[in-house]
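The values are calculated or read from the model by the stated rules, or taken from the named source; none is laboratory data. This structure is a prediction, so every number in the text was calculated from the model and none was measured. Positions of Cβ are backbone-derived with ideal geometry, glycine not excepted, and every protein chain shown enters the neighbour counts. Accessible surface areas use protein heavy atoms only, side chains included; no ligands, DNA or RNA. Shrake-Rupley method; radii C 1.70, N 1.55, O 1.52, S 1.80 Å.
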Amino acid sequence: MRPLPTRSSSFLSRRLGLLALSLLALLVAAGCSAFSRAVKEGDQLTTERKWSDAEAAYLRALAAEPGDPEVKTKLRDVRKAWSGEVLGKAKAVHEQGDLAGATPLLVRALQLDPENDPARTLLTQTLDARVEVALKALKEDRFQEARTELDAVLAVNPEHAAAAKGVVAVQTAWARRWFTTAQRLEEEGKLGNALLAYVRADQERVGATAARERAEEVRRKLRDEVAFLVVAAQAEDKAEAPDVAQRLSPGRLSALLPQNVPIRVITADAPKDHEGVRLGVSLERVMPVKSVEQAQRSTRYVVTNKAVPNPRRTQLESALLEQERKLEEVERKLGLALRDYLRKQDELTQVREVASRCRARERQTCGTALSECINAFGRAKRDEVPKECNPSRCNPMCDAEENTLKQKDAGVQELERRVESAQEGAEAQRREVQRGRDAFFREPLTVEEPVYAEYPYDVELHRLTITASVTERLVDLAKDTTTASPHTADYAAMHEDSSNKAYDKVGVLADPVQLRTEAELRVEAGDRAMAAIAERVKERFNAYRQRQVEDARRGMVRPAAEDVVEKAVRALLLTADAPPQDILQPLARARGLARPESLFGNN
């Protein structure tokens with residue numbers, strides 16, 4: 001039975017409604033007050049001419065009400081007034097002759113008000129004046145000051161034509177100054193310093209001077225000066241094998257040595273006291289060796305086929321047994337779920353009967369109380385409520401039974417879902433078992449398997465080896481020839497191939513001998529000998545340039561000194577294939593090179 005609404009419940013509903021309306025009004029008022037406070041604060045700060053604070057206040061107001069046109073207008077007016085004030089400061093600074101100080105103020109004025117034409121005009125005049133100052137400094141050979149002024153102008157207006165033209169003029173002037181310095185250094189014999197000066201002139205302005213051509217000429221002179229010379233003559237052919245001796249020529253040695261470092265192979269006499277080695281090569285003998293070895297190989301061939309148990313059927317049988325065991329487990333779980341479901345269903349029926357009887361008693365009790373209340377009203381005095389009309393006599397009495405019924409009903413529904421899930425799983429597993437049975441019975445009991453046999457056959461292994469015995473002597477140019485010990489080694493070039501006749505019965509094809517020619521192997525033997533000699537020459541060169549690098553490193557504490565630069569440049573040219581950065585970078589910073597790799601001619 002639904003209880004009748006009372007006077008206390010109506011009063012509580014009205015109180016809650018008033019509270020909700022009050023909260024909504026407070027929220028609206030808070031939003032409005034944040035906007036109003038920001039606008040009011042901005043107006044006050046505008047009156048006080050505190051432009052940055054006023055701008056911040058109006059921006060806060062726009063954050064609360066983004067589309068408010070009045071605030072947008074006020075913000076625009078504040079920025080215009082602020083721009084005018086900044087323009088006044090810029091004019092005062094400009095009248096004092098401080099063009100560098102007036103420039104950022106004018107830029108700020110235009111940022112605040114892009115329509116400030118007086119500021120734009122004065123900024124143009126200021127930039128033009130700064131360009132004139134830079135050109136005057138350029139005429140007085142104050143290149144760095146001129147470049148600073150021009151860069152400042154281009155930072156404000158990258159399209160300023162006069163400033164761009166002035167930068168070109170400054171770069172050209174710098175290039176000519178460095179070129180003149182390089183010529184002086186070259187005349188003084190300081191080729192390392194001259195090379196750096198020519199490279200710097202070329203980097204300042206390409207094509208303004210002949211710096212690149214002169215740098216290449218100076219670079220060539222330096223490389224010739226520090227070059228590691230290899231004085232080589234034609235190989236002495238004691239084996240009377242001109243084809244092999246030709247591979248030991250100085251030209252072949254030069255081709256095998258690195259080309260980007262100064263190693264020179266010459267046939268004439270070397271300058272006195274120059275770094276390098278004298279190479280003597282002698283071809284002692286060339287010995288060809290041919291050999292034939294008998295050997296056996298075997299091949300597998302199919303003799304017949306035999307029937308064997310089908311391994312696939314065994315696999316399917318194992319899989320079927322596994323699926324059947326899984327089906328048994330699934331059906332067991334389904335049986336347990338069904339038993340739990342039926343037990344819970346019986347309990348739910350009993351609880352439902354108990355709750356039904358409780359509801360009947362509750363209705364009967366409330367009906368009796370209502371009848372007694374009606375009779376008591378007839379006997380009661382006016383404006384008096386009889387005690388038999390107490391609403392508590394109709395309070396619910398079956399809360400415990402109702403809660404128990406809900407819990408039991410929820411438990412039964414959960415078990416019902418579990419039973420349905422178990423039934424679906426069992427059905428799916430039955431289908432898998434049936435598929436496994438179908439696959440097992442369709443698979444044949446036996447399959448055909450080939451029977452292999454080994455068939456041995458004779459082969460001949462042909463081998464051709466050319467061995468060249470070469471003696472070489474490396475002597476430092478600064479030492480006596482008789483002090484060096486000769487080095488003799490054998491260099492072999494070998495090729496081998498097998499051959500056999502055909503055995504068609506077992507599928508072996510004929511394989512004839514296909515050896516490389518003796519002439520090819522003689523050339524290869526000579527090349528191997530010359531490659532080994534080139535490696536020993538490079539070892540001598542590496543030792544020489546390592547001494548030069550260590551000597552240059554000791555002077556890197558003062559990389560701008562001319563004597564240090566001379567040693568460092570020569571060491572770098574010797575290590576052009578892998579220049580040491582602890583020498584290259586300090587040298588480049590000391591001479592202001594933007595691209596240090598240009599030192600090696602990599603423009």
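What is the packing order of peptides 307-317, 100-110, taking the mean over residues of other C-beta atoms within 10 Å and listing the highest first? Numbers along the way, then the final one.
Details: 307-317: 13.2, 100-110: 19.5.
Top to bottom by mean Cβ count within 10 Å: 100-110, 307-317.
Taking all protein chains as shown and a probe of 1.4 angstrom, T180 keeps an accessible surface of around 80 Å².
Here segment 525-542 and segment 120-169 have alpha carbon centers that stand 60 Å from each other.
For the chain, what % of the accessible area comes from carbon and sulfur atoms, probe 1.4 Å? Each step should come with its number before you reach the end.
Details: 19010 of 36720 Å².
On the chain, the fraction of accessible area on carbon and sulfur atoms equals 52 percent.
Orientation-averaged projection of segment 120-212 equals 6.2 nm² [convex hull of Cα atoms, one quarter of hull surface area]. Rolling a 1.4 Å probe across all protein chains gives E41 an accessible area of roughly 80 Å². Taken as Cα centroids, segment 391-432 and segment 94-114 sit 83 Å apart, rounded to the nearest whole angstrom. Here's the list of lysines a cross-link from K50 could span, going by alpha-carbon distance under 28 Å and ignoring same-chain residues fewer than 8 apart: K40, K72, K74, K80, K89, K91. By a 1.4 Å probe calculation restricted to protein chains, S291 has an accessible surface near 40 Å², given to the nearest 10.
In what sequence, largest accessible area first, do C389, C394 appear using a 1.4 Å probe? List each step's numbers first, then the result.
Numbers: C389 30, C394 60 Å².
Listed by decreasing accessible area, they come as C394, C389.
Legend: residues T124, T47, sorted from most to least accessible area (1.4 Å probe; ligands, DNA and RNA excluded), read T47, T124. Taking the inverse of the mean reciprocal distance over all distinct Cα pairs, the Kirkwood hydrodynamic radius of the chain comes to 39.9 Å. Rolling a 1.4 angstrom probe over the protein heavy atoms with all chains in place gives the chain an accessible area of 61 Å² per residue. Using θ = phi - 60° in the Karplus curve 6.51 cos²θ - 1.76 cosθ + 1.60, the 3J(HN,Hα) couplings for segment 362-372 round to 5, 5, 5, 5, 5, x, 4, 4, 5, 5, 5 Hz; x is entered for Gly and Pro. Principal axis analysis of the Cα atoms in segment 337-382 yields extents of 66, 12, 6 Å, listed in decreasing size.
At a 10 angstrom cut-off on C-beta neighbours, averaged per residue, how do the peptides 371-384, 421-434 rank from highest to lowest? Mind showing how you got there, number by number?
Values: 371-384: 10.8, 421-434: 14.3.
Output ranking for 371-384, 421-434: 421-434, 371-384.
Less than 5 angstrom separates the built amide H of I266 from those of V230, V231, A232, all sequence-distant by 5 or more or on a different chain. Since only V281, A493, V447 are under comparison, the one whose Cα sits farthest along the positive direction of the charge dipole of the chain, derived from C-beta charges on Lys, Arg, Asp and Glu, is V447.
State to the nearest 20 debye the size of the charge dipole of the chain about its Cα centre, where the only charges are +1 on K and R beta carbons and -1 on D and E beta carbons. Spell out each step's value before the answer.
Details: 96 positive and 96 negative charges, 543 e Å.
Dipole about the Cα centre, nearest 20: 2600 debye.
Sequentially through segment 277-292, phi angles give Karplus couplings (6.51, -1.76, 1.60; θ = phi - 60°) of 9, 10, 10, x, 10, 9, 8, 6, 7, 10, 10, x, 10, 10, 9, 10 Hz, Gly and Pro residues having no value and appearing as x.
Counting only protein chain heavy atoms and rolling a 1.4 Å probe, the accessible areas of H160, H94 rank, largest first, as H94, H160. Note on A63 and E424: with the Förster distance fixed at 56 Å, the Cβ-Cβ geometry gives a FRET efficiency of about 0.45. Take the Cβ atoms of Q514 and S318, set R0 to 51 Å, and the FRET efficiency comes out at 0.45. Principal axis analysis of the Cα atoms in segment 507-577 yields extents of 79, 27, 13 Å, listed in decreasing size.
When the helix-only estimate is applied to the chain (DSSP H runs of n ≥ 4, each -39,500 (n - 2.57), divided by the residue count), what is the mean residue ellipticity at 222 nm, nearest 500 deg cm²/dmol? Don't jump to the answer; show the numbers that get you there.
Numbers: 16 runs with 375 residues, N = 603.
Using -39500 (n - 2.57) per qualifying helix, the result is -22000 deg cm²/dmol.
Amide H contacts for R285 (H built 1.01 Å from N in the peptide plane; partners 5 or more residues away or on another chain; cut-off under 5 Å): S469.
The label-point distance for E496 and K306, in a model that sets each label 7 Å from Cα toward Cβ, rounds to 3.8 nm. Note that segment 547-562 has calculated 3J(HN,Hα) couplings of 5, 5, 5, 5, 5, 5, 5, 5, x, 6, 5, 9, x, 8, 5, 5 Hz, one per residue in order, obtained from phi through the Karplus relation 6.51 cos²θ - 1.76 cosθ + 1.60 (θ = phi - 60°); glycine and proline are x. How far apart, in nm, are two points set 7 Å out from the Cα along the Cα-to-Cβ line at T299 and at R431? With each label placed 7 Å out from Cα toward Cβ, I get 5.3 nm.
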